[in-house]
Each structure stands twice: as structure tokens, then as C-alpha cells.
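A.B. asks: Mind having a look at this structure? Questions to follow.
Quick note: the coordinates plus some simple rules give every number you see, no bench work behind them. Everything numeric in this text was worked out from a predicted model, so none of it was measured. We place every Cβ from the backbone using ideal geometry, glycine too, and count neighbours over all the protein chains shown.
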Amino acid sequence: MSDAVSSTRDEKRGSRFAPLAAVVLIVLLLAAIPLLTDSPYLLHVINLTFLTILAAVSFRTIIISGQFPLGHAAFMGIGAYSSGMMAKWLGWSPWITIPLGTLVATCVGIIIGYPFSRLRAVYYAMVSLFFGIAVVQIINAGGVWSGGYSGLTGIPPLMGFSKTPYYYLFLIVTFVSLLVLYRFETCRVGTTWKAVAQSYLIASSVGVNEAFYRVYALAVGCFFAGLSGALYAHYNFTIGTSSFDFVATMMFLMYGVVGGMFSFVGPILGTALLVLAPEVARGLKQYVPYISAGILLIVVYGMPQGLIGLPGMIKRLFTGHRKDGAGRAYHAS
Amino acid sequence: MQSKRRLHSFWFAVAVVAVAFFVFGSVASQAAEPKKIRVGLLVGLTGWFSVPGNIELAECRTAAEMVNDRGGITIKGGKYMIELVPEDMKSTNEGTTAAVNKLIYDDKVQFIVGPSAFWGPASAPLCEANKMINVLGYCANTPGELDKNTPHRILAEDGTMGHTYALIKFIKKNHPDVKSVAIVNADDGSIPYVKPLIAKALQENGISVAGDWVLFANEMVDFSPIASKLAALKADAIFHPNGIDRHVGPILKGLRELGDNRWYFYAGVSPCSNIKTLAGAGATKVVSLAPTPGAPGNPPQLEEFIKRYFARSKQGAALIIQNSSATYVLPQILQAAQSLDANDILKALPRMSNFETLWGPGHMGGERTYGIKHAVVHPLPSQYLDDKGVQKFGGWITDVEVP
Amino acid sequence: MTLTLTVGAIINTLFLASMYILIALGFALLFSIMEILHVAHGVIYMLGGYICYSLSVTLGINQWLSLVLTVAIVCCFGPVLEKFFFRPFFRDFDRTLLVGIGISTIIETTMVLSKSNEAQSLRAFATGILKMGPVSVSNERLVTFLIGALLLVAVIWLIHGTKIGLQMQAVGQDLEASLLQGINIHRISALACVIACGLAAVAGSLLGAYMGLGPFMGDFVFQKALVLVVLGGIGSIGGIFLAGLVVGGIDAFLPLFISGSAASALAIGIVIVVLLLRPRGFFGREMGF
Amino acid sequence: MLLEVENLTRHFGGLAAVDGLSFGVGEGEIVGLIGPNGAGKTTAFNLITGILKPTEGRLTFKSQDVTGRKPHQMAKLGVGRTFQLNPLFPRFTVLENVVASCHLHPHSRSIDAFFNTRTYRRNEALIMEQALETLKLLRLEEVKDELASNLPHGYQKMLAVARALTVRPKLLLLDEPTSGMNWEETELTLSTIERMLGTGMSVLLVEHNMEVIDICDRVVVMNFGRKIAEGSVEEIRNNSDVIEAYLGGEHAS
């Protein structure tokens, strides 16, 4: 998890316009896709990818503050369920319930954040993992209101059944959210998070209220996780706890590590790959899990820095000399 | 930290695996042919429901193959074959929605069979929005699974209620002395909806419910508390409306351990042999609605289906005839309606009677239970373990009615 | 709440507690020694159950013998686990975690594909019912409980009574210091893996006979182990015993009063409350300020 | 007195790591806190900076009671410190270490930081200026782009001091600032510390090698968590208990 904390030089290197141009280009290309394709299914898959990217990047945001939120998917679930249930049972418009759901997720994050901010590193990870599992079990016990094991169904759609409007909504929401998260990471707030992550003792010795900054990061992460969950609920019309459980969080971690945890772009790449690969391989039916697991093991064993580090790694393979991956060693505080 | 050599061999291994997968992928995907009815199939091939899911996949292939080997179906003089398009619904609601999207928008299927068990509601919105006929293999009576708002759904196989009605008939016929039952069930989402229906059905047949329902969490691992609660209830027998063998077995075991020796009526289709495996010596006096191969009165199509299925599957394979039954019934319905158009079929549906199902002659019912007459009603077999734990055939329940 | 119910529930508590602790101990050992979140623990438990099944039912070997063989076989996984999955990522929490995920996904999927009937179970290790006044308990559960208790005593003796055990504790408390002391960290870790796998195998076989087998039978194991470790205080072996009794008691008594999944929700709620009051669990180590 | 420590006590389980420690640090004074290994010096530091809560006793800083304050609150009051182990942010460059440490002076609200307002930009520019200045002061400017963890030990200690200075401390606590330094590094550090005194800063420094003590105005000697002697360097040098303690201590360690 310490991989996420890297010297901010990575962002500063090179001209500032090349990346900017690339981003603009990519967004324009994405915006053009619905005009090029006539397959609603493709749009559906990309829509899900957008939401997953949002959640995965928010997961990394918490990690750079030195916390390892192994229960993160639960907050996506809290957002999804609270928004879905409000819309279904109170009959409110999704346009109102989605912000409310996001809010609920954030508040829960803050409430559990404070007591647990006293825990360090892996201890935090374990407790947070447990909390994730707990949330899932409690939702499962929700009976009629949450639909229990059968999941929550009949959630009012946000805007009809056509995929295209959702596509543009999600494109915009994801893009803006990513900008926000990127800004958080690169401005002083992010620097402070990284400082707290590396040594909470030193950070507090220079006047950083480290508990506050941990909860701060957690709140930001939970906000976007909740948002992604809430949107998901009203796009999918039906949700179940199985997609917010511990395995789902593991997925976020996978996306991050496969893409490269030390870079902001890493989780985005990883998500794109690991969400799309199984869809492409659908023909393999019951053998699909092998694909994801295979990719995961390949990256974990073969690429210390994930896909982002791939070019450098290949260069090192040929030139011979190899330098150590950014912070492979794990520090307890 | 791996050396360069290790990396090379490692990448080689990777390449081999990758190639293997893509070869497999090309084998796994089949191409379409003319004059075929593309029927999408939603089964959980991965996730926690994947073992039953894979069994169902094999079963459904068998059913489709049977229909095709008999020359397919004839509609307005034209001959049609069934082509199954299975998609994995990952044993989750989301997986189901994703798979339905794939089936409708990418595979361009004409009908959808499934999903199994309690994912029924998940496929409803998209199917309804696209006027896609969706044939269910099971119905647990959760809202949105089958009601007035889902006019494009057909329940081809009895759900919780169908089984319950049938089992009550069985009790009246074979155990007239049973006047009260204690009810145990998994606490899935359906309880609040089936509770009144089951209570009504029992009380119409002069059977009273002892105490409150004994509910257990789905993920429960140790059933002894449940067993002791059941044992404490004064009733002539135990009634289990909707469950799987992995629930029935341990509960039975716990009951017998407490010296409780009452009959256990289980309104499910898991065979007694499975229950015996799980409950060991405790497996006595339990009734299930599973078919018994080679039993007297088995319709020939059922016999043929079972024979074909066991021929293609591993030793000791289990039978879950739900989506496969739906796969078999759908063509019969199409033939009866003499049309592939959704509206014609829906118009013809209420009038259909005496069409063929795997279990014998079937007709439509269920307007009181589901609020819509889209439930296929058909005879059900029964089997039981006697007080020595010997498996016996319990006879066919021919007069099943789903009001 | 009659006497029968109460006594039954108490017996049940002991039974569950011994099983839960048996499951959680290996998990906790790996965590406190190597700081590894051993997600594959449940899968190893599942493999234990199935290996014992294929030995005793498929090959028809005497069940007790096959239990011993199973433990022997599964213990061999330990060093493999340590050398190929944990050592390459020494003290790298998230990569060991992901390797665990990958491995368990592959194994579980393979099991699913090899099964054509979910209902499989070992024969009971003991038959018959022991009746004492109002209470009746099956010998199977008694035997399971006894074996569990015996093993726990053995492991505790190993950890607290032997040199190797003391070395384990040392590594768990201060890695650098113990390296300076010349303790062979890899040997210790491998041993811990062996113990963890062995315990998982025993639990898998015993519970496989009691509750039946299934490719996903390991999931609840992982969850229970996690709850016990978190509740007992991460890094404290002793805390696990208390936590085991508490959780076992909750699981044995709550369903008697509360019906359905509300019981499991309340159980988890209790643990959450405890954690919010004592984030470090019962006997958690002092850390930070 | 700038800092007053009265009867400071901290128990770990049974044993008392610090036991009834009392002393004071005046304005512009250098006080040495010495003693053999395990005498409880670092624990005393952690108690003063709020990392540990004292079991008993009272802390007064700038004549207000600061017992049981959190570390970041102590820093706000103007107590800077260095750490003996892991003295810096390992994955930041030297410059980033100092910049990231400039949290209080000036402090920009995160809303400003997020929207990159004029105040924020001004603050950041100021911080960069200060940071480079401090690095120059400690002769670290030529390594400012090195990863901190790659620095030689002596430089790391320097950087730790630089980092501690960013809180504009009234009182600076240095935990073995010269351990692992070669001679000229030590020289430099000592001279720097002396230069700081010009700015009216007080220093409390932990040492267990007697050489460095010469710059101290007053020395407090601890052993087994208790104060065994206090006085000028000379007095301490020929205090029998101290010599005894040191010999014992050396034997022990």
C-alpha cells in the first residue's frame, strides 16, 4: 500500500501541456464512441467501467493518506442502497436521492473514521476489512427494506432505459470527479496526506493534525465511492450486496496494483483492463475467473510497478541493470 | 525480487497459458445457422451458485437437444430448431443485468430462459422494456418476480408456492393424521410475501401452523439452535416450504440428534439421496418432490431426459430440473401459440391447456397466487426416506393446482 | 428458555468456540508473524475437507487414517506457500494479499468445474447420541470438540513452551531485533505456515463431516477468522480464545431469541460496537498515540 | 522559565520509564538531557511533545498548562523536535521534506489549496523560499533533489533539524542530533545550534556521549527514569553518581 506514496516529482516531470492535450484527446474520443457504435451492449460495458474507475481511484486516494481501506466497496454499497431505498420506498426522484446517498456514505465514513484513525497500517486494514463485511451482512439482514439476500430490485431508473444518456452523464461525472481527486492529490492537501502516510509522528511533530487528515482523506474517498454506488443503483435498477463485499474491494486493490498503484493513472488503466477483459472473454463462460486471476498473478509476479512500469521494466530487461520498484518495502507506520 | 532468467521462463509460461485460453475461447463460441430460434439462457456459471449453475447448463443443453432431435417445432408449417445462447449471470443481480444486456443487445436472442433461483427480479426491467418473453424456471414470490407488471414473463416450473400446494396435496393423501406443522425456512427476501399465501393454503386444508415460523440466516453454518427451536414447537410434523439440501440435511441431523422423530416435509426438488449424504444417520422420515428415475408413471419424455442427462454428465451428478424444464416447455408453448411474436403468444397464453411438459400434460394457472395467469401447472413426483432411512418412491401428485 | 435449550446452547457454544478458534489460530499466527492477511486460509480449509473426502469416501481408506493423511498432505502446502507466495513479497502486505486472492480464485473455480453435485459430505467421525438427563448431544460433536481442544492445547504449548515458539513470538514482536538475534525468519515463517495449514486441514475434515463440503465452504471460515482476530486484538494469540468464546456464544444463543438474518446482523453489530469502543480489540497491542 | 516539567511520570505496565522527573528550560538556554542507554530520555521527549500521555505530573510551556496536549498542538505552541530513528519522510526528496513540513507558517486552508487561490500561491512561494533558505543554512542545498532515504546518516540528521525548524520553534528538542555523524558534521550541527540561539530559541538536547555536552548551559542527568543530577557541565563531569551511572550504564549496554 506504501506504493501509492511516491515523490511528487512524478507529476512535475516533463511539460505540462503534453499530458493535458492527451487527456483532452481521450475525452473527445470517448465522447465520440456513441456516435460510432450502434451496440447498446458496448455502451453498457463502458458505463460500468466509468463507475468502477471512479470507485477504484477514490480507493487509491484513501491509500495515499496511509490508510488501507479494505472495506471500501461497502461505502459504494451504502451509497447505492441508501439512494436506491430512498427512491424506491419514499418515491423521491433519483436526482435528489443520489446526492443524499453520496452524503450518507460520506457521513458513515467520517463516523467510523475517527475511532479507527487511531489504528495504524495493517491493523487499520483488518478492522476496515471487517467493517466492510459487517456492512454487507447488515444490509443482507434488512428484510423487505433492503431486499435481503435477493437484493434490492425495482429501483427507479435515473433516465429511462437507453444507454446513451447514461454514457454521457457518467463520462462527465467521472471526468470531473477524477479532476477533483487529482487536484486533491497534487495540491498541499495531498502532500500532507502523503506526509502522514510516511510518518504520522513526524507529520504531527510539525503541526499536522494527523487524525483529522486521515479522516479527511477517508471522507473524500467515501464521497466518490458513494457517488459511484448511487449512480450505479439507478443505472442498473437492481443491486445486491455481492458486488459491494470484500471481494469487490479486493477488485479495487487489483485494479490499482495491476495498473500501478504509485501513479494516478494506474488504477484507471487497471480498471479498464480488468473490467473489459472478462467481457471480451465471455465466450469462455465458466472459465472466465481464470483470466482475471491469471492477469493478476502475471502482474504481481512479473511487473513490480504494474502496467505503468511496464515500459521501464522492458528497458531494464534488455539493458540488464534493474533499479528497485518505488517503495516495494512495507513500512508499518 | 526475481532474476532475469526466472523472468524469462515465467513469461514463457504466461504465453503458453494465454494461447491455451484463446484456442479454448474460439472453440467455446459457436456460430448461428438459419431457421433457428435463438433462446438466451441465464445461468450462474461463476460465483457461489456456480455448481448448480453448471449442472443447469448441462440440463438445458440436454432439453434443447431433445427438442431438436425430435425434429424441432412446427409453426405455420415452418420447422424451427432451438439454439441455446447461455450467458453467465455470475450468481449476482448485477451479473444478471449484465448478461440480460448481452443477450438482448449483443446476442440478439428472441426469448430468454432463466435466471435461476432468486435472481428473477433482476432480469425483469430490461426484458419488459424490450418486450422480451422471459421464461422462469423458479419463482420465490419476491415482488417484481412475477405479477401484473411483468406481462412478458412465464413461470414454466413450480416455484415455492407450486411446490407447497403440491406437497400439501401429498400430505392430505398420505398423512391424513397430520393436523399441525411447524414451519422452518431460510430468511431470504421472499418470506413476508409467501407467508400469508402458505398460511392460507394450509388452513384451507385443515392444517394449522404451530407457533411462529422458525427462520434462519442464509449463511448460517451451525443449525443446532434452529433444530432445538423446532424441537421445542408442538406440532405433528415439520414443513419446509423453500430450501436446498444444504439446509435440510443439517436441520434434520440436528432434529434427530435431539431425539425428535417427526416427519419432515420438504417442498423442494433436491433428491433424498443428497439429504441422506448430508444428514447421515439422521436422514429418516423426510419427503421431497424430486423425481425418481424409472419409477412407475414417469412420462417417457422425463425418462428420456434423465437418461440423456446422465449419459453426458459425470458419475453421481445431481438433477435440478428447473431451467431445463423451462427450456423444454418454451417450444411447446410456441407451438401451441403457433407464433414467434410476443403479443400473439401472450394473447394465446391464458387459453392454453394440455400442452406437453417434462412432467406430463400441463396447463396455465396462478392468477390468484401471482395475479397473472402465466404459471405452468403440471403433475409432480414425490419421494421419501422411511423411518429406516430407505429411499422410496412416493407416487405422482397428479391433481396439482396453482390457483 | 427451558433448561434443555440453555444447556444445549452452552454445549453448542463450546463446540463452536473450539471450531472457530481452530480456524482462526493459524490465520492469526500468520498475521502476527509475517503480517500477512492470509485470504487463502479458507481455500486450504476447503481443500483439507475434499482431500479427506477423496481419501476416505472415494478411495475407501479408514476415515481416521485418512484424516491423519490429509493433515500430513496439507501440511506440505505450508513450505510451498511460504516459499513461492509469501517470500517473494516479504513484508509486502497488499501483494501477498493479491497472490492469495489469485490462488484461491483459481482453486475455487477448479473445484467448481470438477463438481457435478454440491451435496457431498464425509461420513460422521462418530455415530450415536450421548444422553445426559435433559441434554442429548451427538458423539460426533463431542469428538470434534475434543480433537479441537486437544490441538489448541498442543499449539499453545508449542508457542509458549518451546524454543521455536518463543522465536515465533520474537519475530512477531520485533522483526529487526530477531533478525539480529540470528533467527532464521524464513524457517519460522514456513513453520507457521505448516501449523496454519495443518489446523485448517483438521478443521476442514471435521467440519466437512459435520456440515458437508462445498467449493465455497471456505468463505465463512475466512470471515470468522477475521472477526476473531479483530475482536481478540490483532497480534494477540490469547485474545483469540476470548473472542472465540464470545463469538461462539453469540452464534449459539442469538438465533434462539432472534429469528432469521436479524440474528447474524445483531451479532456483527455487537462486534462493531465493541470495536468502536476498543478499536484494538480485547488484548490489542499498544500502538501510536 | 519557558518549559517547566514537574514530577513527570510514565508507567509502561509495571515499570516506570520516567519517574518523577522535574526540570526547566529557560529562554535562550541550551539544556542537555543526558544519561546511559535506557535511562528514559527519549520517553521524556515523547512525554514533553505529547506523543505519550504522562501517568502523572505537569507540563508548563510559556506559563500555560500543556499537560496531555496532542503533538500537533504542541507544535502550534512552538515546540519543534527531531527523532532519533526514522528522522524524515523517506519517500520525499530533501526539498519536499522541508516543504511538506511547512504546515503552520504559513498555513493555507485546504479550500484555498484546492482552488489554487492567490493566497495559496503566495503561501507556497513563501514556503519554497523559506525551505531553500533553511537548506542553505544547513548546507543541504546541493542534495535538495535527492530522495531523503538515500541520504547519508549525517545529512539525514541535518535534514531532521531543518524540518524541525519549520515550526518556528521557541523550544527545539533534539534527540541525539550528532549520533552517527563524523567530526565536521558534528561541528556544523553544533555551530548551527549555537547560531540558532541568536534567534532567542531554547534547545533541549538528548545525548549520551559527553563530548557534545560542552555547548550546554545546564545539564540534567537521568538514570533509570529518575533525575540523578543537575548543574553546569563541570559540576556534572565530577559528580560521582553520574560517573557511577555511566560506568554502570556502559557495562549494562
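A.B. asks: Can you compute the FRET efficiency between D:Met1 and C:Phe84 using 1/(1 + (r/R0)^6), with r the Cβ-Cβ distance and R0 = 60 Å? Round to the nearest 0.05.
C.D. replies: Plugging the Cβ-Cβ distance into 1/(1 + (r/R0)^6) gives 0.45.
A.B. asks: Of all the C-alpha pairs in the range D:1-81, what % are more than 20 Å from each other?
C.D. replies: 27 percent
A.B. asks: Normalised by the number of residues in chain A, what is the relative contact order in percent for Cα pairs under 8 Å and 6+ residues apart?
C.D. replies: 30 percent
A.B. asks: Here is a further query. Going by C-beta contacts inside 10 Å, put D:Leu21, C:Leu152 in order with the fewest on the left.
C.D. replies: Lowest count first: C:Leu152, D:Leu21.
A.B. asks: Could I ask something else about it? What size of dipole, in debye to the nearest 20, comes out for the range A:2-252 about its Cα centre when the only charges are +1 on Lys and Arg C-beta atoms and -1 on Asp and Glu C-beta atoms?
C.D. replies: The dipole of the range A:2-252 has a size of about 480 debye.
A.B. asks: Hey, what number do you get for chain A at 222 nm if only DSSP H runs of n ≥ 4 count, each worth -39500 (n - 2.57), divided across all residues, to the nearest 500?
C.D. replies: So the calculated ellipticity at 222 nm is -23500 deg cm²/dmol.
A.B. asks: Still on this model: GNM on chain C, C-alpha springs below 10 Å: top fluctuator among C:Ala263, C:Ala149, C:Ala17?
C.D. replies: Result: C:Ala263 has the largest fluctuation of those listed.
A.B. asks: With a point put 7 Å past each Cα toward its Cβ, work out how far D:Arg58 is from B:Ser339 in nm, to one decimal.
C.D. replies: 9.6 nm
A.B. asks: Okay, moving on. Using only Cα atoms, locate the centre of the range A:160-213 and the centre of the range B:366-395, then give the distance between them in Å, rounded to an integer.
C.D. replies: 57 Å
A.B. asks: Report the charge-dipole magnitude of the protein assembly as shown in Debye, nearest 20, computed about the Cα centre from +1 at each Lys and Arg Cβ and -1 at each Asp and Glu Cβ.
C.D. replies: Here the protein assembly as shown has a charge dipole of around 1960 debye.
A.B. asks: Here's another thing I want to ask about it. With each label point set 7 Å from Cα along the Cα-Cβ vector, what nm distance links C:Val68 and A:Leu28?
C.D. replies: About 7.6 nm separates the two model spin labels.
A.B. asks: Could you list, in their original order, any pairs among A:Lys163/B:Lys131; B:Lys108/B:Lys314; B:Lys36/B:Lys108; B:Lys90/C:Lys115; B:Lys200/B:Lys373; B:Lys90/B:Lys373 whose Cα atoms are separated by more than 24 Å?
C.D. replies: B:Lys108/B:Lys314; B:Lys90/B:Lys373
A.B. asks: At each listed q (0.10, 0.20 Å⁻¹), what is the log10 of I(q)/I(0) that the Debye formula gives for the range C:149-284 modelled as equal alpha-carbon point scatterers?
C.D. replies: These q points yield log10 I(q)/I(0) values of -0.43, -1.32.
A.B. asks: With chain B treated as a Gaussian network of Cα nodes joined by springs under 10 Å, which of B:Asn218, B:Asn141, B:Asn261 yields the largest mean-square fluctuation?
C.D. replies: Greatest mean-square fluctuation among the candidates belongs to B:Asn218.
A.B. asks: Might you report the magnitude of the Cβ-based charge dipole of chain B about its Cα centre, with Lys and Arg at +1 and Asp and Glu at -1, to the nearest 20 debye?
C.D. replies: That gives chain B a dipole magnitude of about 540 debye.
A.B. asks: Could you state the principal axis extents of the C-alpha atoms in chain C, from the largest down, to the nearest angstrom?
C.D. replies: Computed over chain C, the largest-to-smallest principal extents equal 59, 49, 35 Å.
A.B. asks: Order by neighbour count: B:Cys127, C:Cys76, fewest other Cβ atoms within 10 Å first, most last.
C.D. replies: With the sparsest Cβ surroundings first, the list reads C:Cys76, B:Cys127.
A.B. asks: Show the residues, 5+ positions off or on another chain, whose built amide H is closer than 5 Å to the amide H of B:Ile183.
C.D. replies: Distant-sequence amide H within range of B:Ile183: B:Ala210, B:Val214, B:Phe239.
A.B. asks: For the range C:1-135, compute Rh as the Kirkwood radius over C-alpha pairs and then the Stokes-Einstein diffusion coefficient at 20 °C and 1.002 mPa s; write the answer in µm²/s, rounded to an integer.
C.D. replies: Result for D is 122 µm²/s.
A.B. asks: Excluding residues fewer than 8 places away in the same chain, name every one of the aspartates and glutamates whose C-alpha is closer than 18 Å to that of A:Lys285.
C.D. replies: Of all the aspartates and glutamates, those that pass the test against A:Lys285 - Cα under 18 Å, at least 8 places apart if same chain - are B:Glu56, B:Glu59, B:Glu83, B:Glu87, B:Asp88, B:Glu94, B:Asp106, B:Asp107, C:Glu108.
A.B. asks: How large is log10 of I(q)/I(0) for the range D:114-180 at q = 0.23, 0.27 Å⁻¹ when the intensity is taken from the Debye formula with one equal scatterer per alpha-carbon?
C.D. replies: For the requested q values the scattering log ratios are -1.04, -1.20.
A.B. asks: Tell me, what HN-Hα J-couplings in whole Hz come from the Karplus equation 6.51 cos²θ - 1.76 cosθ + 1.60 at θ = phi - 60° for each residue of the range C:247-252, using x for Gly and Pro?
C.D. replies: 5, x, x, 4, 5, 7
A.B. asks: Can you list, bin by bin at 10 Å, the percent of alpha carbon pairs in the protein assembly as shown, starting at 0?
C.D. replies: 2, 9, 16, 20, 19, 14, 9, 6, 3, 2, 0, 0
A.B. asks: Using R₀ = 41 Å, calculate the FRET efficiency as 1/(1 + (r/R₀)^6) where r is the Cβ-Cβ separation of B:Asn174 and C:Ser114; round to 0.05.
C.D. replies: 0.60
A.B. asks: Given the rule -39500 (n - 2.57) for each run of at least 4 DSSP H residues, summed and divided by the residues of chain B, what is its mean residue ellipticity at 222 nm, to the nearest 500 deg cm²/dmol?
C.D. replies: When only DSSP H runs of four or more count, the value is -12500 deg cm²/dmol.
A.B. asks: Same structure, new question: At B:Ile75 and A:Ile96, where each label point lies 7 Å from the Cα along Cα→Cβ, what is the point-to-point distance in nanometres?
C.D. replies: Reported label-point gap for B:Ile75 and A:Ile96 is 4.6 nm.
A.B. asks: Next up: May I ask for log10 I(q)/I(0) of the range A:238-321 at q = 0.12, 0.23, 0.24 Å⁻¹, from a Debye sum over the Cα atoms as equal point scatterers with solvent left out?
C.D. replies: Taken in order of the listed q values, log10 I(q)/I(0) reads -0.40, -1.12, -1.17.
A.B. asks: Moving to a separate point now. Using the Karplus equation 6.51 cos²θ - 1.76 cosθ + 1.60 (θ = phi - 60°), what ³J(HN,Hα) coupling, rounded to whole Hz, does each residue of the range D:51-60 give in order, writing x for Gly and Pro?
C.D. replies: 5, 10, 8, x, 6, 9, x, 9, 10, 10
A.B. asks: Further, regarding this structure: So if we plug the beta-carbon distance of C:Gln173 and D:Leu126 into 1/(1 + (r/R0)^6) with R0 = 30 Å, what FRET efficiency do we get, rounded to 0.05?
C.D. replies: For R0 = 30 Å, the calculated efficiency reads 0.10.
A.B. asks: Calculate for chain C the 222 nm mean residue ellipticity that helices alone would give, adding -39,500 (n - 2.57) per DSSP H run of length 4 or more and normalising by residue count, nearest 500 deg cm²/dmol.
C.D. replies: After summing the helix terms and dividing by residue count, I get -24000 deg cm²/dmol.
A.B. asks: Now a separate question. Which residues among the range B:144-173 fall inside the zone where the amide N is under 16 Å from a point 7 Å beyond the Cα of B:Arg368, along Cα→Cβ?
C.D. replies: Answer for this model: B:161-169.
A.B. asks: Counting each pair of different Cα atoms once, what's the Kirkwood radius of chain B in Å, rounded to one decimal?
C.D. replies: One over the average 1/r among Cα pairs gives 22.3 Å for chain B.
A.B. asks: Return the sequence-ordered ³J(HN,Hα) values of the range B:322-327 in whole Hz as given by the Karplus equation 6.51 cos²θ - 1.76 cosθ + 1.60 applied to θ = phi - 60°, using x for Gly and Pro.
C.D. replies: In residue order, the calculated couplings are 10, 4, 5, 4, 4, 4 Hz.
A.B. asks: Give the relative contact order (percent, whole number) for chain C; include only Cα pairs under 8 Å separated by 6+ residues.
C.D. replies: After rounding, I find 37 percent.
A.B. asks: Please report the relative contact order for chain B, taking Cα pairs under 8 Å with a sequence separation of at least 6, and give it as a percent rounded to a whole number.
C.D. replies: 16 percent
A.B. asks: Here is a follow-up. Return, for the Cα atoms of the range A:2-252, the radius of gyration and Dmax in Å, separated by a comma.
C.D. replies: So, for the range A:2-252, Rg and Dmax equal 18.7, 59 Å respectively.
A.B. asks: Please compute the volume of the convex hull spanned by the alpha-carbon atoms of chain D and report it per residue in Å³.
C.D. replies: Each residue corresponds to 137 Å³ of Cα convex hull volume.
A.B. asks: To continue, here is another question. Using Cα springs under 10 Å in a Gaussian network model of chain C, which residue among C:Gly204, C:Gly233, C:Gly60 shows the largest mean-square fluctuation?
C.D. replies: Its mean-square fluctuation being the largest, the pick is C:Gly60.
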